[in-house]
Structures are given as structure tokens and as C-alpha cells.
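The values are calculated or read from the model by the stated rules, or taken from the named source; none is laboratory data. The structure presented is a predicted model; accordingly, all values stated were derived computationally and were not measured. Cβ placement follows ideal geometry from the backbone for every residue including glycine, while neighbour counts extend to all protein chains displayed.
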Amino acid sequence: MSSVFSSRGVMAPRAVIVWLCLMLLPALPFMSKFYLLLAFDALLFGTVAMALDLLMGYTGLVSFGHAAFFGLGAYASAVLLERGIVSLWVCLAFAVLVVGLYALVVSFFATARRGIYFALLTLIFAEVVYTFFRYTQTFGGSDGIQGVPSPRLLGDFAIDTPLRNYYLVLAYLGLAYLACRVLVTSHFGRVLVAIRENEDRARFLGYNVQRYKMAVCMISALLTGLGGALYPGRSAFATPDLMLWTVSGEFIIMVMIGGLGTLAGPIVGGAFFVLLQEKVSSYVDWYFIVIGLVLIVIVLFMPRGLLGIRELIGGRRWRTTA
Amino acid sequence: MAHDGVVLEVDSVSKNFGALAALSRVSFAVRPGQIFSVIGPNGAGKSTLFNVISGLHAPTVGRVRFRGQEIAGLAPEAINRLGIAKTFQITNIFPEISVFENVRVAAQSRARESGRLASLWRLPDVEAGASELLRAFGLATRRDELAENLSHGEQRYLEICLALATSPSLLLLDEPTAGMTPGETKEATALIRQIATARGLTVLLIEHDMSVVMGISDRVAVLHFGEKIAEGAPEQIRNDPQVIEAYLGPPEA
Amino acid sequence: MDYLVAVLLPQLLHGLVFGAALGLLALGLTVIFGLLGVMNFAHGELYMLGAYAGIAVIGVTHSFWTALVVAPLAVGAIGAATEVTTLRPLYRREPLYGLILTFGLALVFREGVRQIWGGDMRRIAPPFTGSTPLLGMTYPNYRLFLLAASSLLLLAIWLFFTRTRAGILVRAAVQDAEMLDGLGVNVPRVFTLTFAGSAALAALAGLLLAPVFTVYPQMGVEMILLAFIVVILGGMGSMGGSVIAAFVIGLAQSLLTLWMNPQRVAIAIFAIMIVILIVRPRGFFGREGVLE
């Protein structure tokens with residue numbers, strides 16, 4: 001493994017420090033249960049946004065169906081928890097299985113042709129999944145699965161408080177970030193960038209582009225599904241609303257806010273969005289119009305990210321490889 | 001695989017697009033180390049020929065053999081891995097990464113890890129080869145520049161570097177000097193000849209510029225409306241009345 | 001036999017009309033993508049805006065026919081304005097940005113309409129009632145009118161693309177947008193007109209179909225998803241392919257509704273798409289060699 005951490009710069013010391021600081025977050029005086037849950041959401045969705053960035057920022061593929069990966073992970077977990085299978089590890093493994101199978105099918109069809117078809121097909125697949133769960137009574141229909149017990153980490157140790165959930169998601173964030181950093185600084189990561197820059201050329205240089213696209217799609221989907229699997233532990237439910245295409249749109253906003261192709265940017269973007277949503281959601285009526293406008297404005301005026309995260313993390317152009 | 005010392009054999013290849021016959025029963029063979037040019041007026045089918053050889057299209061009829069192996073109908077990436085690398089008539093590089101990163105990712109395609117699971121976390125060491133290619137084409141000083149910021153001539157060189165980085169034995173050059181000034185063209189021609197010899201490459205070349213064709217070709221084939229109307233040594237072709245009639249443009253000095 | 005005439009045939013005709021509308025939308029998507037390089041996620045909303053613009057015009061003039069003229073023009077103008085202000089800056093950028101921006105536009109249009117007109121279902125009364133006996137069944141006159149109108153519309157579009165200079169130009173440019181540069185054509189104007197034109201046509205379809213379906217803010221969403229399926233099956237390199245795929249999907253949708261509830265129909269259509277993609281990965285008319 002030493003080759004992984006050699007001078008190719010997998011992990012900036014800055015990132016480790018930030019993560020350690022996050023460990024201390026609950027010690028702050030104002031961190032009530034409410035804020036801990038908010039922090040949970042912020043980090044969870046931030047990580048999902050990072051997983052999406054692998055597709056969007058590095059490979060240039062827009063997924064309009066990421067909410068389905070998330071929701072499927074949540075349902076997988078909830079279905080087991082509901083039936084009394086409360087081991088967290090079993091839930092996660094099952095989520096990997098379910099989301100993995102779905103992602104395999106989606107990515108196979110979605111990556112067979114040009115990038116634009118990827119966007120269309122991920123959307124359509126996600127709509128079908130949403131429709132299926134919304135109208136299938138076995139999974140609770142529009143109410144989904146409610147009132148599931150908390151998962152157990154080991155023996156009787158249940159993840160049943162906001163604090164424990166927070167540390168769980170922090171571990172998830174740390175591991176996911178590490179995995180993504182290893183990925184983007186590897187051979188695979190560079191090929192992804194080449195595919196983004198010029199898919200046809202990459203083919204004529206000997207790369208089986210579809211295979212790469214499928215691989216990154218599945219990795220992104222699995223990371224997202226794992227995040228989804230953690231959600232019922234916090235919310236005690238899994239509903240079809242988790243899979244709405246507007247949710248997929250929200251994930252896209254998170255990535256755009258933070259800055260495409262930076263990994264850490266989307267985490268911050270996700271957190272920022274969750275916090276913002278918390279404030280704005282009282283104006284439910286206008287919410288979607290705001291989302292739409294935000295997307296338009298970001299694309300037109302701040303494509304590199306609203307928060308200029310890139311400059312904060314080290315000023316490298318988003319299009320260069322590691 | 002017995003192939004009688006022929007690197008590439010195009011055997012009665014025809015390619016139809018609906019009612020349009022882009023290629024009609026084209027046949028020729030390219031020997032190792034040759035620089036073989038394909039010329040002809042616009043619309044003669046030259047690019048289609050390259051597209052068939054490189055895997056973009058499958059021929060409607062006919063066969064293509066590379067070192068004795070049938071390659072017609074294979075996917076472009078498979079054909080590249082067998083040893084055929086193509087450049088594009090319209091520059092087709094990776095615009096928003098640096099020149100060095102362009103060549104490096106092309107070279108990575110031949111690394112041991114490529115296509116294996118380990119490529120998810122390993123980083124192959126191809127820097128030396130990539131740097132050497134840049135040096136050979138005089139792009140070493142531009143290595144950190146974004147590829148899209150290069151001049152047209154430099155981009156055409158980069159185009160060739162990308163193809164060469166995949167260690168081919170057959171190089172397909174589609175109008176490599178397109179858009180270059182006469183001075184750049186002369187330089188490029190000499191460079192191509194030199195590198196081809198140094199690396200033992202076989203080169204199949206599409207060109208419009210007669211000075212290039214006459215200057216470096218060992219053999220020339222002429223296409224007209226999808227058919228091969230002549231083939232031979234450059235001097236033969238130059239004086240062939242059929243070819244002159246089809247097109248030869250104003251005589252070059 | 002009775003079943004055939006009483007139930008199947010009307011659904012078949014309905015499917016043809018629906019297919020024509022889908023074809024209009026899919027064509028619009030294909031042309032805009034080929035020419036402008038943007039996948040217009042908001043196309044379904046332009047269709048929806050046609051219906052609502054119709055409601056607005058009818059509210060003032062009480063005339064469906066006036067609305068049929070004014071509404072598409074209004075939506076066409078909205079389309080032109082949108083293209084100039086939001087899409088033009090994106091042409092040189094990667095397709096990714098156009099996707100996200102039009103997605104945002106769709107949200108704004110949809111929710112904007114909901115704010116203005118509310119989310120309830122509305123109806124537009126057909127401009128004439130009554131039915132005509134035909135082949136042993138009676139068909140609502142408006143539906144017969146729709147059949148005629150959609151056929152004429154498709155014919156007109158076909159003529160435009162094959163017989164007029166502008167149409168031939170656009171069609172060629174859809175295959176290869178770069179060629180426009182060399183022709184001395186005012187490219188920005190062509191883009192704006194094309195976008196406005198496809199917006200107007202989508203709006204027209206929306207208004208024409210409104211008396212048959214209900215009008216509500218989400219109506220564009222269902223159409224655009226089907227239009228995407230059509231585009232996937234027809235391939236974006238082929239306009240004819242889009243139209244054919246549109247009729248296939250339109251008919252399938254119509255006929256399947258006879259036997260399944262709406263959710264099952266959606267999943268069935270999806271399954272059909274998957275099967276076709278397995279057999280022909282590039283769609284009906286996927287062009288070889290385009291790395292489609």
C-alpha cells in the first residue's frame with residue numbers, strides 16, 4: 001500500500017485536520033440534538049455529493065438519477081431493520097447488494113452510448129424505481145417504511161442517539177473521502193478525466209470507455225447507496241420521496257455549489273445546501289423555484305462553484321488531473 | 001501467423017452508406033517500414049478508408065488484415081491495442097489538461113495495470129516515455145501548457161504524439177500537416193520520416209500536400225470516387241495520366 | 001369484432017394522436033440537441049406552457065381558435081428570450097452545463113406556473129362538441145379533428161425539412177453543426193429561431209391535446225419522460241427514427257392503458273425500451289460509426 005501514499009498526494013494534511021476537527025464538533029456548547037442531526041444530514045449528503053462528483057466533475061457524466069441509488073440503499077436498510085435484522089453490517093452489506101445490482105443494470109445501459117444518453121437513462125431508470133416504490137404496497141406505498149428500529153453496531157450497542165449517528169456518518173465520510181482520493185489519483189482517475197475531455201479520442205487510444213464509465217458509475221452508486229443505508233438509522237423511515245428526481249437535482253446543486261472536480265468542494269457544497277435548505281424550507285412554496293434559479297445562476301455565472309472552494313483547497317484548476 | 005511480410009492488407013474493401021458507395025473494392029498492401037500515402041480529390045473516400053481500418057466502421061464487403069489477423073469489424077480500442085494508432089484530420093486532443101498530461105494518459109493505455117482492477121489504486125510509471133515523445137516533437141517546453149492553448153501546428157504535433165504514445169507498429173496519419181504553414185509542413189514531414197525510421201514504424205498517410213507526398217512516400221495509392229485508380233512509386237503516380245486527369249493540382253516545385 | 005371497433009380502434013387512433021405529439025416533442029429535442037448542443041430538459045414545460053397560455057388567452061378572448069394562434073406565438077417568444085439570455089452563453093461549454101441549466105429552467109417554469117395558476121387540474125373545453133358515427137362507432141369530433149390536425153402538422157414539418165431551403169439547412173446542421181459556419185449564415189439567429197420554433201410547436205401540441213387530457217403543472221413531466229424514451233430509441237442522429245419511435249411508444253402507451261393501471265403502463269413502456277436497447281443498442285436507426 002505504500003505506493004498508494006507515496007508522493008502522489010493522496011491525502012492533503014489539511015483534509016485530515018479538518019476531519020479531526022469535525023470529530024470535536026459535538027463538544028461545542030450549542031450542539032443540541034437538533035443541530036447534531038442537522039450536522040449528520042450535512043455530512044451525509046455532502047458525501048453523496050462527493051460521490052456524484054466522481055461522475056460529474058471527473059468523468060463529465062451527469063446523473064439525474066442519483067436519488068434512486070440513495071433511496072434504494074435506504075429501503076434496503078429499512079426493510080431489514082423492520083424485520084428485526086438490526087446488525088448495521090448486514091444492513092450495509094444488503095444495501096451494497098441491492099444498489100450494486102441496480103447500478104450494474106443502469107450503468108450498463110446508460111454508458112453504452114454518448115454522455116447525453118447517460119443523463120437521460122439515469123433519469124428514466126430513477127423514475128421507474130420511484131414509481132415502483134411509490135405504488136407498491138409491500139414497501140409501504142407512498143408512506144414508505146416507517147418506525148424502524150436503530151441498527152446495532154456490535155452486540156447490543158445501538159446507533160440510537162444523534163451523537164452516535166453523527167460519529168457513524170463521520171466515519172463514513174472519512175472512508176469515502178479516502179477511497180475517492182485514492183481513485184482520482186490513480187491510473188483510473190486520469191483515464192476518467194481523459195474520457196471527460198474527449199471520449200472518442202480515449203477510445204482510439206485503446207481504452208474501453210464503456211467499462212471505465214460503468215466502473216465509476218457503480219463506485220459512485222455504491223458510495224451513495226451506503227449513505228442511503230445509514231439514513232433510516234437517523235430518520236427511522238424510508239420513503240419514496242427520497243427518490244424524487246428533484247432530489248437528484250439537489251445533489252447536482254450540491255456538487256455545483258462546491259465546485260466540480262474537487263471532491264472536497266461538493267462535501268462543503270452539500271453541507272452548505274443542507275443548512276440553507278433548513279432555513280429556506282419554511283417557504284415551501286417557493287422552494288423549487290429557488291432551486292431552479294440557483295441552478296441557472298450557478299451555471300451561468302459561477303460554474304466553478306459558488307463558494308470558490310477550489311481556491312481554498314489549493315487553487316488547482318478543476319480540469320487538471322491530480 | 002503467416003503474412004508474407006505484409007503489415008496491412010486491405011482486401012477488396014467496399015463501404016456503402018445507404019446508397020452512397022464511399023469505397024469500392026479497394027485493395028492494397030503495406031509492407032513493414034514503408035511510408036505509404038493515399039491521395040485523391042475531396043470525397044474520394046480516403047477518410048472513410050481510415051475509418052474502416054481504425055474500427056469506426058465495419059466494411060460492407062471485404063477484409064482488412066493486420067499482420068495476418070482479421071481486424072474488420074473490431075472495436076476501435078481493440079484495434080488500437082493490436083498496434084494501429086490513428087491521428088485525426090481535425091485535431092482531437094484533450095483540451096483542458098496539460099500537454100504532458102495528454103501524452104501521459106495516452107501512454108498509460110499500454111501500462112501493465114491498464115484495464116485491470118489494480119488500476120483503481122495504482123499509478124503506472126510512464127512519465128519517461130511521455131517526456132521523450134514531447135522532446136522528439138519539440139513540445140518539451142510547452143509541457144505544462146493547456147493543450148487547447150497550443151498553436152495549430154503544435155496541436156497537430158500533439159495529435160501525433162498521442163498516437164505514438166500507444167506504441168503502435170502501424171501509424172495512420174490523416175492529413176497531419178493540415179493547416180500548417182509551408183515552413184511547418186517541411187519540418188513536420190522531415191520529423192515524421194525521422195521518427196518513423198527511428199522507431200521502425202510503418203506509416204499510412206493521407207495527404208493533400210503533394211510536396212509531402214512526393215517527399216516521404218515509398219509508395220502511393222490514388223483514390224477517386226471510392227475506387228483505387230492507381231498505385232505505385234511516387235514518380236510513377238506523378239506522371240500517370242489517369243491520376244493527372246483525376247486531380248493533381250498545380251505542379252509543385 | 002365489436003371489441004375491436006368499440007374499444008381497440010378508438011385507442012389506436014388516440015395512440016396515433018398521442019404519438020404525433022410525442023413526435024413533435026422528440027423532434028424538438030433532437031433538433032435542438034443537434035444544432036445547439038443542448039438537451040432541453042425544459043421542453044416538456046414548453047408543452048405545458050402552451051396549455052396554460054391557452055387558458056390565459058381563452059380567459060380573455062373566450063376563443064379556442066384565437067388561443068391556438070396566440071399561445072404558440074407567446075411560448076415561442078418565451079423560448080426565444082430564454083435562448084438568448086440563458087442558453088447562448090453555453091454553446092462553447094461542455095454539454096453538462098446545458099443539461100443542468102435546462103433542468104433548472106424546467107423547475108422554474110413548472111413551479112412558476114403552479115404559483116400563478118395553482119396546482120389543481122384544469123380543463124379546457126374542446127372548441128366543438130358532438131360526435132360522428134364512423135365504422136360502427138361514434139367518435140368525438142374533436143378527436144377526429146386532432147387526428148387530422150396532427151397529420152397535417154407532421155406533413156407540414158416533413159415538407160419544411162425536405163422542401164424548404166431553411167429546413168434542409170437545419171436538417172444538415174443537426175448532423176453536423178460546424179458546417180453552418182462555412183455557409184455565411186447568421187448562426188445565432190438560426191439558433192434562436194430554431195429554438196423558438198420548436199418551443200412554439202411544443203406549445204401547440206400542448207394546447208391541442210389539452211381538451212383531451214387534463215391540464216396541470218406536472219403534465220410536461222410525463223410527456224418529457226416519454227419523449228426521452230423516444231429519443232433514446234430513435235437515436236438523435238435520425239429525425240425519422242424519432243418520429244417512428246414516437247408512434248411506437250404512443251401506440252404502446254395508448255393500448256396498454258386498456259389493460260393496466262397507469263403505473264404499470266409506465267413500467268411496461270420502460271421494459272419495452274430495455275428490450276429494444278438489448279436487441280438494438282443504438283436504437284432503431286442508430287447510425288454506425290457515429291459512436292452514438
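Test each condition in (1) assigned to a helix (DSSP H, G or I); (2) surrounded by 24 or more Cβ atoms within 10 Å (Cβ to Cβ); (3) of a type outside the set (A, V, I, L, M, F, W, C) for C:Gly283 and report the one that comes out false.
That leaves (1) as the condition not met.
Could you run through the stretch A:139-159 and say how many residues are among the charged types (D, E, K, R), more than 16 Å from A:Leu80 (Cβ to Cβ) and touching a residue at least 60 places away in the same chain (Cβ under 8 Å)?
Taking the stretch A:139-159 first, the residues among the charged types (D, E, K, R) are A:143, A:152, A:156.
Okay, now just the ones that are also more than 16 Å from A:Leu80 (Cβ to Cβ), so A:143, A:156.
Filter once more, so that each one left must be touching a residue at least 60 places away in the same chain (Cβ under 8 Å): A:143.
Result for the stretch A:139-159: 1.
So C:Tyr52 clears everything in (1) surrounded by 24 or more Cβ atoms within 10 Å (Cβ to Cβ); (2) more than 14 Å from every other protein chain (Cβ to nearest Cβ); (3) closer than 25 Å to C:Gly234 by Cβ except one condition, right? Which one?
Unmet for C:Tyr52, out of (1) surrounded by 24 or more Cβ atoms within 10 Å (Cβ to Cβ); (2) more than 14 Å from every other protein chain (Cβ to nearest Cβ); (3) closer than 25 Å to C:Gly234 by Cβ: (3).
With the condition kept exactly as written, say whether any residue in the stretch B:36-53 is within 20 Å of the chain's Cα centre (by Cα), part of a loop (DSSP other than H, G, I, E, B) and facing another protein chain (nearest Cβ under 10 Å).
no
I want to confirm something. Restricting to the stretch B:54-100 and keeping residues that are within 22 Å of B:Ala22 (Cα to Cα) and aromatic (Phe, Trp, Tyr), which single residue is farthest from the other protein chains (Cβ to nearest Cβ)?
Ranking the candidates gives B:Phe66 first.
Go through C:Ala196, C:Ala202 for me and flag whichever is within 21 Å of C:Val84 (Cβ to Cβ) and touching an Asp or Glu at 6+ places or on another chain (Cβ under 8 Å).
Result of the check over C:Ala196, C:Ala202: C:Ala196.
Please work out which one of (1) part of a helix (DSSP H, G or I); (2) of a type outside the set (Asp, Glu); (3) under 20 Å from the mean Cα position of the chain (by Cα); (4) surrounded by 15 or more Cβ atoms within 10 Å (Cβ to Cβ) is the condition C:Ile124 fails and give its number.
(1)
Based on what the data block shows, is A:Gly227 buried (at least 23 other Cβ atoms within 10 Å of the Cβ), of a type outside the set (A, V, I, L, M) and under 16 Å from the mean Cα position of the chain (by Cα)?
Criteria met by A:Gly227.
What is the number of the single condition among (1) free of Cβ contacts under 8 Å to residues at least 60 places away in the same chain; (2) within 14 Å of chain B (Cβ to nearest Cβ) that A:Ile253 does not meet?
Exception for A:Ile253: condition (2).
Report, by residue number, each residue of the stretch C:184-243 that is of a type in the set (Val, Ile, Thr) and over 30 Å from C:Phe128 (Cβ atoms).
Matches in the stretch C:184-243: C:Val185, C:Val187, C:Val190, C:Thr192, C:Thr194, C:Ile229, C:Val230, C:Val231, C:Ile232.
How many of the residues in the stretch B:101-134 are among the hydrophobic types (A, V, I, L, M, F, W, C) and more than 10 Å from chain A (Cβ to nearest Cβ)?
The total comes to 5.
If we scan the stretch B:95-112, do we find a residue that is closer than 26 Å to B:Ala140 by Cβ, assigned to a loop (DSSP other than H, G, I, E, B) and either among the polar types (S, T, N, Q) or under 20 Å from the mean Cα position of the chain (by Cα) (or both)?
Yes: one or more hits.
Quick check on my filter: what residues within the stretch C:136-166 are farther than 21 Å from C:Phe64 by Cβ and outside any helix (DSSP H, G or I)?
Once the filter is applied, which keeps residues that are farther than 21 Å from C:Phe64 by Cβ and outside any helix (DSSP H, G or I), the stretch C:136-166 yields C:Gly136, C:Met137, C:Thr138, C:Thr164.
Among the helices (runs of 4 or more DSSP H) confined wholly to the stretch A:180-277, which include 1 or more residues that are farther than 23 Å from C:Pro95 by Cβ?
Here the list reads A:187-197, A:209-235.
Restricting to the stretch C:37-94, and then to whatever is assigned to a helix (DSSP H, G or I) and of a type in the set (D, E, K, R), can you tell me which residue is nearest to the chain's Cα centre (by Cα)?
Step one: filter the stretch C:37-94 for residues assigned to a helix (DSSP H, G or I), giving C:43-61, C:64-90.
Filter once more, so that each one left must be of a type in the set (D, E, K, R): C:45, C:83, C:88.
Working: C:Glu45: 10, C:Glu83: 18, C:Arg88: 22 Å.
Ranking the candidates gives C:Glu45 first.
Among the candidates A:Arg152, A:Arg196, which residue alone is among the charged types (D, E, K, R) and within 13 Å of another protein chain (Cβ to nearest Cβ)?
A:Arg196
If I filter the stretch A:102-120 down to residues being more than 7 Å from every other protein chain (Cβ to nearest Cβ) and not β-branched (Val, Ile, Thr), which single residue comes out as nearest to A:Thr59 (Cα to Cα)?
Once the filter is applied, the top-ranked residue is A:Phe118.
Can you list residue pairs whose Cβ atoms sit under 7 Å apart, with the first residue in the stretch C:113-129 being aromatic (Phe, Trp, Tyr) and the second being surrounded by 14 or more Cβ atoms within 10 Å (Cβ to Cβ)? Count only pairs 6 or more apart in sequence or on different chains.
From residues that are aromatic (Phe, Trp, Tyr), the pairs are C:Trp117/C:Tyr52; C:Phe128/C:Asn141; C:Phe128/C:Tyr142.
Looking at the stretch B:13-35, which of the residues that are of a type in the set (D, E, K, R) and assigned to a strand (DSSP E or B) is nearest to B:Val213 (Cα to Cα)? If you could, list the steps in order and put the result at the bottom.
Quick first cut of the stretch B:13-35, residues of a type in the set (D, E, K, R) only: B:15, B:25, B:31.
Now drop any that are not assigned to a strand (DSSP E or B), which leaves B:15, B:25.
Numbers: B:Lys15: 25, B:Arg25: 23 Å.
So, considering only residues that are of a type in the set (D, E, K, R) and assigned to a strand (DSSP E or B), the one nearest to B:Val213 (Cα to Cα) is B:Arg25.
Those residues that are among the hydrophobic types (A, V, I, L, M, F, W, C) and surrounded by 17 or more Cβ atoms within 10 Å (Cβ to Cβ), I need them from the stretch A:154-178; list them, please. So that I can check it myself, show each step before the final result.
Narrowing the stretch A:154-178 to residues among the hydrophobic types (A, V, I, L, M, F, W, C): A:154, A:157-159, A:163, A:168-171, A:173, A:175-176, A:178.
Once the filter is applied, which keeps residues that are among the hydrophobic types (A, V, I, L, M, F, W, C) and surrounded by 17 or more Cβ atoms within 10 Å (Cβ to Cβ), the stretch A:154-178 yields A:Ile159, A:Leu168, A:Val169, A:Leu170, A:Leu173, A:Ala176.
Looking at (1) away from chain B (no Cβ under 14 Å); (2) of a type outside the set (Ser, Thr, Tyr); (3) free of Cβ contacts under 8 Å to residues at least 12 places away in the same chain, can you tell me which one A:Ala202 breaks?
Result: A:Ala202 fails condition (1) only.
What's the number of the condition A:Arg211 fails, among (1) in contact with a helix residue (DSSP H, G or I) (Cβ under 6 Å, 6 or more places away or on another chain); (2) within 11 Å of another protein chain (Cβ to nearest Cβ); (3) surrounded by fewer than 18 Cβ atoms within 10 Å (Cβ to Cβ)?
(1)
Against the definition (assigned to a loop (DSSP other than H, G, I, E, B), surrounded by fewer than 17 Cβ atoms within 10 Å (Cβ to Cβ) and at pLDDT 90 or above), how does B:Asp144 come out, yes or no?
Answer is yes for this residue.
Of all the residues that make up the stretch C:272-285, how many are more than 9 Å from every other protein chain (Cβ to nearest Cβ) and at pLDDT 90 or above?
Within the stretch C:272-285, residues that are more than 9 Å from every other protein chain (Cβ to nearest Cβ) and at pLDDT 90 or above number 3.
Mind telling me which of the residues A:Val10, A:Val79, A:Val62 ends up being at pLDDT 90 or above and outside any helix (DSSP H, G or I)? It would help to see each step written out before you state the result.
Working: A:Val10 fails: at pLDDT 90 or above; A:Val79 fails: outside any helix (DSSP H, G or I).
From the options A:Val10, A:Val79, A:Val62, the qualifying one is A:Val62.
What's the number of the condition A:Leu28 fails, among (1) out of contact with any helix residue (DSSP H, G or I) (no Cβ under 8 Å at 6 or more places or on another chain); (2) modelled with pLDDT of 95 or more; (3) under 21 Å from A:Leu173 (Cβ atoms); (4) not basic (Lys, Arg)?
(2)
So which residues in the stretch C:224-236 are of a type outside the set (Val, Ile, Thr), more than 16 Å from C:Val275 (Cβ to Cβ) and either more than 10 Å from chain A (Cβ to nearest Cβ) or surrounded by 23 or more Cβ atoms within 10 Å (Cβ to Cβ) (or both), if there are any at all?
Correct list: C:Leu226, C:Ala227, C:Phe228, C:Gly235, C:Met236.
I'd like the residue in the stretch B:153-195 that is small (Gly, Ala, Ser), under 22 Å from B:Asn51 (Cβ atoms) and more than 14 Å from chain A (Cβ to nearest Cβ) and, out of all such residues, is farthest from the chain's Cα centre (by Cα).
Restricting to residues being small (Gly, Ala, Ser), under 22 Å from B:Asn51 (Cβ atoms) and more than 14 Å from chain A (Cβ to nearest Cβ), the top hit is B:Gly179.
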